[in-house]
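Scroll down for the structure; my scribbles are underneath it.
FYI, it's all coordinate maths here, none of it is from the lab. Worth saying up front: this structure is predicted, and the values here are computed from it rather than measured. Neighbour counts are summed over all protein chains in view; Cβ atoms, including those assigned to glycine, are modelled from backbone coordinates with ideal geometry.
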Ligand SMILES: CC(C)(COP(=O)(O)OP(=O)(O)OC[C@H]1O[C@@H](n2cnc3c(N)ncnc32)[C@H](O)[C@@H]1OP(=O)(O)O)[C@@H](O)C(=O)NCCC(=O)NCCS
């Protein structure tokens, strides 16, 4: 699997990626940082700026396109510079896999890769959140060593989120 920042030339494959979610009646595109709602060139500029200089709220972050055999499989967001106070609100890592490529082990591989990036950045642990009913995401985290540390509905009243810690 190859993970890299988006480029201007990725417009068509990302358009198809978004469309596949819509075709599957999924409204949100996980880890995309508003891809569907932005002008493509502006979005690429934002992602590249976040990687180089960072965002005022969550610091430097990486949004990677993940490819297998040249095919775009999913998006991976790594917020390795997140201020402590925001770790549970955003989580250090987010991911999404396109509907036709799910249940093939890709998210597990992508998270493992994200953890290696966080380790290289000098982190000794990461916090990840997912909704309690998102069994696939919870399993992905657990398979990468995640330990449940908390459950609450602080950020979405009535919707329970789980928070996991992974020591690096
Ligand atoms: C969550 C998501 C990223 C998982 O991606 P994936 O590539 O299918 O995950 P994997 O193939 O690596 O599977 C990880 C584990 O989840 C299980 N799993 C996958 N889909 C599942 C489902 N629909 N229901 C229950 N378990 C599921 C797998 O069996 C595997 O566990 P196992 O090895 O014990 O069998 C994907 O479903 C997705 O993109 N969902 C929408 C976005 C999202 O929820 N992102 C996470 C936000 S916290």
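Between residue 131 and residue 154, how many nm apart are label points set 7 Å from Cα along the C-beta direction? If labels sit at residue 131 and residue 154, their model points lie 2.0 nm apart. Distance between the C-alpha centres of region 51-89 and region 1-37: 14 Å, rounded to the whole angstrom. Largest GNM mean-square fluctuation across 114, 138, 16, computed for the chain with C-alpha springs under 10 Å, falls on 16.
Each helix, a run of at least 4 DSSP H residues, gives -39500 (n - 2.57); summed and divided by the residues of the chain, these come to -9500 deg cm²/dmol at 222 nm. Given a 10 angstrom Cα cut-off, can you work out which residue in 65, 86, 75 is the most mobile in a GNM of the chain? Checking each option, the largest mean-square fluctuation is seen for 86. Under the shape rule built on the C-alpha gyration tensor, where the axes satisfy a ≥ b ≥ c, region 95-145 is oblate, since a/c reaches at least 1.5 while a/b does not exceed b/c. Taking the average, over residues, of other Cβ atoms within 10 Å as the packing measure, peptides 45-53, 5-13 rank 45-53, 5-13 from highest down. Largest mean-square fluctuation among 139, 121, 88, in a Gaussian network model of the chain whose springs join Cα atoms under 10 Å apart, belongs to 121. Hydrodynamic estimate: the Kirkwood radius of the chain over Cα pairs, inserted into Stokes-Einstein at 20 °C and 1.002 mPa s, corresponds to D of 132 µm²/s.
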